[in-house]
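Colleague: Dumping the structure here so I can ask a few things about it.
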Amino acid sequence: MYINKNSKLIYILFGVVALIALLLGIALQHDREPHFHLETLDGQTFSAQNLKGKWVFINYWASWCTPCLKEIPELNEFAKNNQDNNILVFGVNAENASSAQVRRLVDKLSIQFPVLNANPAPYYNIGQVYELPVTYIISPKGILYSRLVGPQTQQSLAAEIKN
């Protein structure tokens with residue numbers, strides 16, 4: 001098969017364009033790393049980078065939700081017992097209350113794990129929360145791993161990530 005000079009030039013140009021597209025794709029993939037910060041009521045800040053490599057449990061609760069109140073001691077113990085195991089537990093109040101109101105509820109209900117100032121749902125593609133209590137588990141890769149509806153125990157939370 002005979003390839004003239006113009007054909008060679010076209011193949012070389014096509015190869016260069018493909019290489020540039022590949023390198024640009026790699027660069028864009030790197031930029032897709034999540035860039036966000038979660039701030040707690042007490043001023044702690046957790047960046048996406050801080051959370052990488054950890055299991056993150058995000059529990060949505062409300063003060064009027066009896067099953068939510070029932071699981072708070074379990075969540076407190078789970079958070080305390082796993083603080084050295086690359087596991088973090090965060091709470092999110094689902095009542096659209098002010099930070100001051102949520103802080104009072106946290107004190108009144110003896111919530112000992114960090115409660116977030118804002119809903120992290122957009123960062124993890126959680127969507128709208130319609131059921132309470134609900135706990136979302138984020139994998140160490142930062143991906144939504146599981147959704148648990150209803151009150152949880154230390155055992156049910158631990159079992160979910162052992163699989």
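Colleague: What helices (runs of 4 or more DSSP H) lie completely within the range 62-143 and have 2 or more residues being at pLDDT 95 or above and in the same structural domain as Ser156 (by TED's automatic domain parsing)?
Modeller: Fully inside the range 62-143 and qualifying: 66-81, 99-109.
Colleague: Just one of the numbered conditions (1) touching a residue at least 60 places away in the same chain (Cβ under 8 Å); (2) surrounded by fewer than 18 Cβ atoms within 10 Å (Cβ to Cβ); (3) under 18 Å from the mean Cα position of the chain (by Cα); (4) not in a loop (DSSP other than H, G, I, E, B) is not true of Gly53; which one?
Modeller: (4)
Yes/no matrix, rows are residues, columns are (1) within 21 Å of Leu38 (Cα to Cα); (2) touching a Phe, Trp or Tyr at 6+ places or on another chain (Cβ under 8 Å):
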residue	(1), (2)
Pro67	no, no
Asn76	yes, yes
Ala79	yes, yes
Val102	yes, no
Tyr136	yes, yes
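The values are calculated or read from the model by the stated rules, or taken from the named source; none is laboratory data. Everything numeric here is computed off the predicted structure, so don't read it as measured data. When we count neighbours, we look across all protein chains shown, and the Cβ atoms used for this are built from the backbone with ideal geometry, even at glycine.
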